[in-house]
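Heads up: the structure comes next, in structure tokens.
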Amino acid sequence: MPEMKCHRDVKGRDALYKKLEARMQDEKQWLPSKRRYLSLGNGEVTFLERDHAIRGILNLTKMFKMFPETYAMAVNFADRFLAVIKVRAIHLHCVALTCVYVAVKLQEEQQYIPDINALMNAAVKTELRAPSYGPSDLLRMERKVLDKLEWDLNPITPLTMLELYFAAACLDACLLPEENPNDELSMLTEQLEIALCYSSIAIYTVRSSIRSLKSLKKRSKKFKKRSKSLKN
């Protein structure tokens, strides 16, 4: 599997902060409606069912060793879809798997893209198990998802913001000498991936930048604590 993509093209503090500011402004257009999101459970998918499906998406992307961006994008698609249309629990797994399928085709390199049957066979080993739908249902759902998302398929995700914030932190020398930036970013990414599985976090910190900052603040506290102990 290729290494995780990073924003290595950003050079210089000014350029980085301009890009960060632009992304913070742009992210608003890809956020699910908070009012609509809070209505989940009223005769449709509940928060618990949503979280269960997102964990299935995470486990499925891990099973195929997909990019973290693929998972973050699939979650964005799923939440935005749930925010514009009422979905019954019986259809949720099909929606979740469809969002993975769309994200895979956008993010993964050609040789790593599994076909529909491979995805469906793997899904039964995750929280998306026992699907009551077939490949044709998935293709129909794909058209519906694309339509409801208005083909707006290049969202700013929490991972986008985390990578930019982390790049800024590296410029400000927030890493200890023995720490590997790639390892630290991978750790933060894993924490963020788990956080996205909880609607209790997604609801009250809808903005990608806020969720990403929360992950980075945890890392900052660890850095300050370790720096202080080294000085002593």
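We did not get these values from a lab; they are worked out from the coordinates using the rules stated. Given the structure is predicted, the values throughout are model-derived calculations rather than measurements. Quick reminder, even Gly has a Cβ in these numbers, built from the backbone with ideal geometry, and neighbours come from all protein chains shown.
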note = In order over region 97-114: 3J(HN,Hα) from phi, Karplus 6.51/-1.76/1.60, θ = phi - 60°, whole Hz, x for each Gly or Pro, gives 5, 4, 5, 5, 4, 5, 4, 4, 5, 8, 10, 7, 6, 3, 6, 9, 8, x
task = Kindly state, to the nearest 0.05, the FRET efficiency for Leu106 paired with Asp137, given R0 = 25 Å and r defined as their beta-carbon distance.
result = 0.75
query = Taking square-rooted eigenvalues a ≥ b ≥ c of the alpha carbon gyration tensor, is region 60-138 rounded, prolate or oblate, where a/c under 1.5 means rounded and, failing that, a/b exceeding b/c means prolate?
reply = oblate
ask   = Got a sec to turn the phi values of region 182-199 into Karplus ³J(HN,Hα) couplings, 6.51 cos²θ - 1.76 cosθ + 1.60 with θ = phi - 60°, whole Hz, x for Gly and Pro?
value = 5, 5, 5, 5, 5, 5, 5, 5, 5, 5, 5, 4, 5, 4, 5, 6, 10, 5
